[in-house]
Each structure stands twice: as C-alpha cells, then as structure tokens.
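These notes are about the structure you will find just below.
The values are calculated or read from the model by the stated rules, or taken from the named source; none is laboratory data. Because the structure is a prediction, the values reported are computed rather than measured. In this analysis, Cβ positions are derived from the backbone assuming ideal geometry, glycine residues included, and neighbour counts consider all displayed protein chains. Keep in mind that these areas ignore ligands, DNA and RNA; they rest on the heavy atoms of the full protein, side chains included. Shrake-Rupley method; radii C 1.70, N 1.55, O 1.52, S 1.80 Å.
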Amino acid sequence: MRVSSGLMEISGPSRTMPLENEPSTNIQEQSYSGSSRKVERSKKPTCERVCAVRSCSTVHSSAHLLAKTSGSTPRDTAQLAAILGHRHDTWGRQNVQMVAPSCPRPTRGIQTVLCHPMTCGFSSLYAWQRKNVTGPDFVLHDGPPYANGKPHMGHAINKILKDITLRHKLLQGHKVHYVPGWDCHGLPIELKVLQGDLAKQATLTAIDVRKKARDVAVEAIDEQQSVFRCWGILADWDDCYYTFDTKYIKNQLWQFYHMFQLGLIFRDMKPVFWSPSSRTALAEAELEYNTSHRSTAVTTRLRLTRLPEPLGTRTSEEVFALVWTTTPWTLPLTQAICFNPHLQYSLCTLDSSGCTYIVASELVDSLHGKLNKAITTLATFPGSCLKEASYQHPCCPGVELPFLPGDHVNVTKGTGLAHCAPAHGPDDFLTALKHNLAVECRVDRDGCFTDKAPGSLRGLPVLTKGTEAVLQLLSGDILHVEDYVHSYPYDWRTKQPVIWRASHQWFIDTDRIKQTAMERLKEVLFHPKYSGNSMSGGGLVSQLERRPYWCISRQRVWGVPIPVLYHKVDGRGIINRSLLEQVCSLMDTHGTDAWWSLPVEQIVSEEWLLEQKVTAQELEKGQDILDIWFDSGISWSCVLEDKVADLYLEGIDQFTGWFQSSLLTSVALKDRAPYRQDHNDKGRKMSKSVGNVVDPVDIVQGGKNLHKQPALGIDTLRWWVSSHATQHATVPVSQSTLQDSTDAVHKLRLVLKFLLGALHDYPPLTTREPESGDSFTPLDQYMLHLLWKLNQKVVEMYENYQYNKVCATLVNFVTNHVSAFYCHIIKDRFEEILKLNVNTLDALTPLSPVILIEEYSKRVSFIARSFRLFNILLTYIMRLYYWGYVFDIVLYCAHESDPRRRDCQTVLFYILETLTGAFAPVLPHLAEEIYLYHPHYTGTVCNFQFTDTIKYICFIGMQTSVFRGGVVTPSPHWNRAHLIQQMNIVLELRRQINKVAPTPNTWELDAVVFSQGNVSTTLQVLPTISIKSAMVH
C-alpha cells in the first residue's frame, strides 16, 4: 500500500497572482501624491487614487523561456503551455484597475501591472448597493471621530471593525446604511488654535478663534478621510455629516428647544466639575481619574459658640469641632458643619491642652494614632444633639454658622464631622438647598479666589498658592497636616486637576429620563456578552443610576451657541420659537458664526422686542456653547431621521460618552433607545494625549526607515484588527503580532494562488450538487462537508462579532484541511499519467521536480537518464525557488475533461468560493483581487463537454466584484455528517502508518493492514486516501 503524508506548504501552481516584491516584466513605477482638498459641504470629496492590482504573467512566454533553457522543441513548448492551461489568444496582457481614494502621502512600493480592462467598482460599491440591493436595511450609525490630529490605531480599530461588519451584512443580502461623520467642535481644537496659551484669548476675537478652529478641523478631516478611504472603508463618503455644518447645527438647536419645552432642560446655579486649566465646566465624560493624586489634607478645629444641651454641664473649657478635609482651600468658604444624626459622638480632651473636642466615637482611636496624643473621653452623646449647636467662622469671628444633619457624613475616614461649602461640592450643595443656605461662589473661572474672599487670599489659585495661604491663615487652629494619596478627577484634555465650582449652567434633568432609559436598555443587545462587568448593559445602567444631572453648557466659543438672550438687569433668560427661527434664518444667510458676528439688534426684530416688552439695549447674548457630548449625542436625529440604528460600535470609553448621550437624548425626544445593538471594542482608547499612538499609515506603507519598519500592507492591518480588537482587554500592537498577521495573510494568499491556478481551464459552471451514486469520491464529499461546516461556523462568528475567531478558524482550516490534507492527497488520485515526450518532461523539471521523479521512476526506459535528471534538478534549483510552482498529477496529468479531474476541480472551486466569502469582510482587497483573476468572472467563455456521468450547467461569468455578485454558498446537501466517522477511521490509519514508517517517503512502502468489524467494513467500502494498492485483512 502506498501512503502519502507530511505537511505540504503550497507555494503556488501558476502565475495568476505573483508574489509580492518579485521581479516582473512590463512593470511601471508610479507614485501618488495626496490631495489638498478642503472639506466643504458644497463640494464633496472626489479625489481618487488608482491602486494597481497585480495580474498574471502570460504562461505561454514562461513556457517558452523554460523550453529554451531546457532544449525543448517548439512543439514541446506548445504542449507545455496547453498543460499549464493558459491560452495565449484569450489571456494576453490586459489592464485591471481597482479605484481607491488618494492617500495623504506618496504610496511606497506600488507597481502598476497590465491586466484585464474591467474595474471591481470598489469605491462605488456603497452607492451601487443602496440602489440595487433589495434586502432589509442594516443601519450602523457612526460615532464621529474627533476632527483633530492624524489617524491612529484607535481610528483603525474603529473603522475596520465597522467595515468588517458592514461587508458581512452586505454578503448576507442586507442593504447597508453607514454615513461617516466628524465631531468638529470642542476644546482640544480651540486650545490648538491658541497654541496652548489661554492668554492669547485676549488678543483674538471669538470670530478669529472660530475661523482658525474651523481651518484646523477641515485639515484634520481631509487627512483622516483620505486614510479611511485608503483602508477600503465601505461608506457614504459623498454625504458625510459634520457637526459644524449649518444643517446639523440648526437641527441640534431645534432638538435643544424641544427638550427645553418638555421641561427637561433648565438653567440653574449648581456646583459642577470646573477645569481652571481650560476655564470651562466639564461633564463626567470629560474627566479622567488620577489614582496617584496627592492632596494636602488637614485636621482643623472650629470653635463652638453654642453647645448642645447635654454638653453644657460636662465642661467649662472651650469646645471645638474637629473637621478633616482634603480641600483646605474651601475652609474660608464654609457655611455649616454637617454631622450624621445616626452616629454616636464623643467629647474628648487632647493631652493637657485645656480644650475639649467633638469627634465621632468610632474614630477616637484613629485620631489618637494620627495626632499621637493622649485622648480622654469625657462624654458620649447621639449625633442628633448637635442640631442645637453653632460655631464661629474661621476667618470672620463675628459670623456664627449652624450645625446641619447630613447623611453623606460617615466614619470611613476623618472625624465624623464635615464642613460644608455649598458652592464646591454636590453633597454640600444639596444640604444648602435643603436648609436654604446661600450658594455664593468666591472662586473665578481661572480657579482663583475672587475679591469677596478674605484679603490675603484674593487672586490666588486655590489649588496651589491659595491652599498654602489658607494653611498659613489658619495655622493656629490646624492640628495636623498630611499628604493624602487618592483618586482625583483631572481634565482629560489638559491633564490638570479640576475643582467643584458653582456657576450658572444649563442642565438636562436626568432624574426624569434615566429610569425610562434603563428600561429601554433592556431591549438592547450588548456585545461582548459579559455579565457583571462594565463592558455590558449592566455597566451602562449602573452609570446612569449614579448620574445626578448633565451639565450641557460650556464657557468657550468653538461650538454650537445656546441661543438665549439675557436681561442685563435681572439676568433672566429669554428663549422661544420665534427667536430660534430668526437665529436659524440668520445662519442660512450669514453662516454659523452669525450669533457671534451680529449684534442683538440684527438678531431679533422690532416686533419680537415689542412682544417681549424689552429693548435691544437691555439684552445681551449668551456666551455659552453646548457640550460636545450633546453635540454628537444628538447625531441620530440628523443622520438617522426616523430610523433606529441596528448597531452602535465604539470603544469602551464611549459608555460614559456617546453611548450615554445618544441614549438620553433619544429617550427624551423619542422615548426609545437609538440603537438595537451596542458593541464596544475592548481595547484601551488610543489618543495622542496618552502617548500610545502607533501610526497605522506606517504599518501599511512603511515608516521613514523601510528597513526598520517595512510596509506590511492594508491586508495585514485589517487582519491584525480582526484578530485582536475584539479579543483582548488591551489591544497589543507589536512587531510580533503584526508579523503574525502578515504570515497568516501570506499563507492564505499562497493557497488562493494554488486554487486559482488549478481552475485555469475549469468551465464556468453553476453549483453541481453532490448526489448519491455520482462520481464524487468520499474524499470529495468529506471536503464539501467540511466547507459546509466551516461556512456555518464563520457566519455565526460574524453575527456575534467574534472576528478574532473568524481569523483563527480560517488559518486553521487553510493550513490543516486545505493545504496539508486535501491538496496534498489529490495529487495521487489518478493512475493514468499523461504521456509526455522526453523534452516536455525536461521542460517541466524546474516547475515540479517531485512529479518528474515519480514519472521517471515508472518508466523503465528512463532509468538510465536518472543522473541527467538530477543534474537538471540541480541546474534549475534556483529557478525552482524563484517560480515557486507546485503542480499536481491530479490536475495536470489526466485529460482535461476527465470526469475525475473535473470532480477535483469542482471541489477546489467550492473551496475557493467558500474561503473567499469567509475572509472577504476582513480582506476585501484580496477578495476583489481574487475575482479579478478568477476565470469565471472575467468574461472568458470556456469550452466544455457534457457526459453521461457529469451534468454541467453553463453560465458566462461577467461579475467582477465579490460584494456585488456574492459567492457560491455551501449547499445544505453538503452536510454529510455520516462521513465524519468513516473518514476519521481512514485518517487514523494514515496517521498510524506514518508514525511507524521507517522513512518519510512513505510512497516507497508497501503495507498490509489487518482490521476487523466496522474498521474493516469502512476500509473495504471507502476508496482509501492516498492508497494506490492495499491489502486490507
């Protein structure tokens, strides 16, 4: 029995798809330069780049070269060309172009090759499918990337994951809807205009800043869009949305007004996160927490002016309340001391100081350890007694302040007493509202004490010199100072600490929305499916539960204005429908800067002023802009209109940002979630500010030093994203992971090259179903079953957004089932060898020496020539390395119309189709390249025959795009699970023989197999794999 074994690394049978970086004839170098187009709403981006796609060389000329070097005759050359299956009259030098947009910089290493005169319509696919596909809509709403900076790996992950999703849905028959957008407003752009120096604000008018900011955004959009299109992103690039568009801004203002009318938007004075470094209010989503922040914490005493009744008879000494705070700069702004009425408190003495102190009983011991002083407890009493007490203001001796109950006071740290500064903390503010305390803010927008603060503090920044001054001012009453390390909020843009600061702001009443929002989230499917994790619907729900309110106003100029006029005397704001209509009308005629460029007299009419009973001189324009999270969060109303997105797909950081802002605004206005599915890619967000940026353009085109950072191509980048972005908690970007992706794509390309070469003369047929009793061997049927199973598995993985598993499954299938198994075995199927003369065999030597060795070994008359044969092999060893051909007896040594040969080609055809459909969403460029060279899709009409055993149904292949015509889907008839057990027996037999064989060349061996029962029956019924003659007992 002859047994074949071993892993065959297929290196390609024909020149249908040349290897990268190989020499080629008739190749012209061509470079490309980027576009300097500005993004204008009136002029859509149309600049495109022609990306060359490599084509096949003419095999006839290759055969001539081989014949010339081996001494073959012209007749042998013609015979060899026929064997290779390329007809010179139909496969000449032709021209194929794949159209893609321009790259922002010259493309390195691109070569233009002449091939077939058709295009795959790559750049027009989106418009084509919107017009021609009749399936259900699949809507993916784009979370707009920020229009600042160059594209980085975060962009690549985001856009490529979306593209994989869309292309899969398109192949499944959906009509996809995807309008890319850009978030164009916000502080980072404004700071860039000011070069990081806020002092420049004084020398620039609002119009100056806005004009420069727009230019920055337009430049970033132009560069980012060019790169996104070069990545092959399927999108409506002719109608992108930009948040600085007039249409978009007008829609946003109307949605703001609708929420105002519903009572969901209001203006009030509340403490909000305030960034002194940015001089504006911030939302929670604009913060990042520094877990290593070091605050100056103090334990200080405040003298009581009125004692609670139980303490009046216990001491004649002065009594102080001990408070602990990590913000000592707020002590001069105190307006009350809060206690917990449910706690027990103690009256204590410290050493022999002669003073007594009030502290929570549970914290006496910790206070002893901190102060390192002896503490004696004189009395214990319930906290409710303190409601009768009062104390003296630490900086204003004549001011008496109350003790107030507060449930936020606890005994986890401190003293069990907390001073209350209503303008500088949410709990303090709520306590003030409950007890009618005045909320006075004595810190300005720069984070400095105002003129209403004590004299020595005025003008000092509270977080630095102001804190030092307070410590000096209150030094007589401070008992302990310490460095306290804890998590503290920072401005995510400037990386500087923020403060709580009360100011007049516009808010969304989230308390009225969030309960409904949490109910609507129950209807949303979240991916990945992790329970009890922030990367789940539960994580978003918990964040909504903790959100007290949403501050949507900002004190900057680069954004959408809040169209409110304020009365100069009483400060009341005026906003109504007629005012908004006039503002929108002015934007149509004067542009989106109208609010800043026009005076009040031109913004409102005389009739409007009469209706409001005010004069233009009594009014002033509001200077606030809308939060950029409201800016982008309202995008569903402009882009989707009445649609609900099937999917939102963004990074995990958007749980506190765009996912949440979109949900709240949609629930408020439509009483529904704006998305049916929510997917977050798990990697840490990448941005220039955190310094973890890897340039994806360098990955594709190579870095400045191509030796250290070679060009890996778009296929590698897309494969890397698919393999890692949905798998790892942190997405690894390293040379090893990128090289793994390159190797995987290269392995796939080699197998595809083999398959294309094997189908060079295969007639353009429709699906031929494997039926019982037909000529398909069990091996062929088994392979078709594996293809059916592969397709089922891959589609399921795509539907569940498990793109990493798609890549792993495809690599495993190609390596083990296609390359090492089926393609390795089929070359030994046929016993009849095509009769070739000596010169033809010599010509084949550099292409397939293994086949020639087999052929010579079977011809006794050629044995004497074996030494010459090996000399020829040595002579052509370098050519063999260059050409990289592997030819199989099954494909090239039987008659071209032999039914057994056609069966083999049919299976190879289905392997190619199934694999192409499986990887097309991940590697669309490669998939389209396959179709450009596929003999069925080039318009070539092949001659074929009908026989009694094979029924072929012909069609003329004219489709040149995978995504327009689709691929052949594996038929349910291929599902023949009963073959699995039978084939496992045969494969196990093969493995055992290979294991005990004394030589790796098992084809040289004869074997006798002893078996019984089911094994014997199976081996007798099935034609064994790679066994030409066997004795089975």
Within region 348-421, strands (runs of 3 or more DSSP E) holding 3 or more residues that are in contact with a Phe, Trp or Tyr (Cβ under 7 Å, 6 or more places away or on another chain) = 356-360, 400-405
When you scan region 575-593, how many residues do you find that are more than 19 Å from GLN255 (Cα to Cα) and in contact with a helix residue (DSSP H, G or I) (Cβ under 6 Å, 6 or more places away or on another chain)?
-> 1
Which of the residues that make up region 500-528 are aliphatic (A, V, I, L, M) and part of a helix (DSSP H, G or I)?
-> ALA517, MET518, LEU521
Some residue of region 538-547 being out of contact with any His (no Cβ under 7 Å at 6 or more places or on another chain), assigned to a strand (DSSP E or B) and open to solvent by less than 40 Å² (accessible area, probe 1.4 Å) | no
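Test LYS708 against the criterion of being charged (D, E, K, R), part of a loop (DSSP other than H, G, I, E, B) and modelled with pLDDT of 75 or more, and give yes or no.
Here the answer is yes, as LYS708 does meet what is asked.
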Hits in region 270-294 (condition: of a type in the set (Gly, Ala, Ser) and open to solvent by 10 Å² or more (accessible area, probe 1.4 Å)) = SER277, ALA285, SER292
Residue pairs meeting the criteria (Cβ under 8 Å; at least 6 apart or on separate chains; first under 14 Å from HIS504 (Cα atoms) and without any contact (Cβ under 8 Å) to a residue 40 or more places away in the chain, in region 560-575; second open to solvent by 20 Å² or more (accessible area, probe 1.4 Å) and among the hydroxyl-bearing types (Ser, Thr, Tyr)) | ARG572/TYR566
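Among the listed residues CYS355, CYS348, identify the single one that is open to solvent by less than 10 Å² (accessible area, probe 1.4 Å), modelled with pLDDT under 95 and more than 22 Å from ASP483 (Cβ to Cβ).
None of the other options fit; the residue is CYS348.
Every residue, every condition in (1) farther than 20 Å from VAL359 by Cα; (2) open to solvent by less than 50 Å² (accessible area, probe 1.4 Å); (3) in contact (Cβ under 8 Å) with a residue 24 or more places away in the chain; (4) basic (Lys, Arg), yes or no:
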site	(1), (2), (3), (4)
LEU371	no, yes, yes, no
LEU378	no, no, yes, no
PRO382	no, no, yes, no
PRO397	yes, no, no, no
LEU404	no, yes, yes, no
GLY416	no, yes, yes, no
HIS419	no, yes, yes, no
ALA423	yes, yes, yes, no
VAL439	yes, yes, yes, no
Test SER741 against the stated conditions and say whether it is modelled with pLDDT of 90 or more, part of a helix (DSSP H, G or I), open to solvent by 10 Å² or more (accessible area, probe 1.4 Å) and among the polar types (S, T, N, Q).
-> no
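Among the helices (runs of 4 or more DSSP H) contained in region 585-678, which hold 1 or more residues that are in contact with a His (Cβ under 8 Å, 6 or more places away or on another chain) and farther than 30 Å from TRP274 by Cα?
On the way: elements: 594-597, 600-603, 606-612, 628-633, 635-639, 658-670.
Those helices (runs of 4 or more DSSP H) span 635-639.
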Among (1) open to solvent by 20 Å² or more (accessible area, probe 1.4 Å); (2) in a strand (DSSP E or B); (3) in contact with a helix residue (DSSP H, G or I) (Cβ under 9 Å, 6 or more places away or on another chain), the one test that VAL298 misses | (1)
State whether one or more residues within region 255-271 are within 30 Å of VAL697 (Cα to Cα), in contact (Cβ under 8 Å) with a residue 60 or more places away in the chain and not hydrophobic (A, V, I, L, M, F, W, C).
-> no
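The rows are residues; the columns are (1) within 18 Å of VAL721 (Cα to Cα); (2) free of Cβ contacts under 8 Å to residues at least 24 places away in the same chain; (3) open to solvent by less than 10 Å² (accessible area, probe 1.4 Å).
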residue: LEU125; (1), (2), (3): no, no, yes
residue: TYR146; (1), (2), (3): no, no, no
residue: HIS168; (1), (2), (3): yes, no, yes
residue: LEU171; (1), (2), (3): no, no, no
Residues (in contact with a Ser or Thr (Cβ under 8 Å, 6 or more places away or on another chain) and open to solvent by less than 60 Å² (accessible area, probe 1.4 Å)) located in region 803-826 | TYR803, ASN804, VAL806, CYS807, HIS824, ILE825
Exactly one condition in (1) under 17 Å from the mean Cα position of the chain (by Cα); (2) free of Cβ contacts under 8 Å to residues at least 12 places away in the same chain is not met by LYS131; state its number.
-> (1)
Qualifying residue in region 562-579 (condition: small (Gly, Ala, Ser), out of contact with any strand residue (DSSP E or B) (no Cβ under 9 Å at 6 or more places or on another chain) and at pLDDT below 80) = no
Condition test on GLY591, is it under 39 Å from the mean Cα position of the chain (by Cα), over 26 Å from SER503 (Cβ atoms) and of a type in the set (Gly, Ala, Ser)?
-> yes
Kindly provide the set of residues from region 102-140 that are modelled with pLDDT of 50 or more and either of a type in the set (Gly, Ala, Ser) or within 23 Å of PRO696 (Cβ to Cβ) (or both), ordered by number.
-> GLY121, PHE122, SER123, SER124, LEU125, TYR126, ALA127, GLY135, LEU140
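Within 30 Å of PRO136 (Cα to Cα) and not aromatic (Phe, Trp, Tyr): which single residue out of ASP268, ASP222, ASP238, ASP215 fits that description?
ASP238 is the lone residue from the list that is within 30 Å of PRO136 (Cα to Cα) and not aromatic (Phe, Trp, Tyr).
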Given (1) crowded, with 20+ Cβ neighbours inside 10 Å; (2) assigned to a strand (DSSP E or B); (3) not acidic (Asp, Glu), TYR566 misses just (1)
Out of (1) under 52 Å from the mean Cα position of the chain (by Cα); (2) open to solvent by 40 Å² or more (accessible area, probe 1.4 Å), what's the single condition that is false for LEU363?
-> (2)
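Evaluate the following for GLY447: is it surrounded by fewer than 20 Cβ atoms within 10 Å (Cβ to Cβ) and either among the hydrophobic types (A, V, I, L, M, F, W, C) or more than 30 Å from VAL644 (Cα to Cα) (or both)?
So GLY447 fails the test.
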Within region 771-825, the count of residues that are over 17 Å from MET983 (Cβ atoms) and within 28 Å of the chain's Cα centre (by Cα) comes to 23
May I ask you to say which residue of VAL193, VAL209, VAL218, VAL179 is more than 28 Å from LEU579 (Cβ to Cβ), at pLDDT below 95 and open to solvent by less than 50 Å² (accessible area, probe 1.4 Å)?
-> VAL193
Across (1) open to solvent by 30 Å² or more (accessible area, probe 1.4 Å); (2) at pLDDT below 80, ASN975 clears everything bar (2)
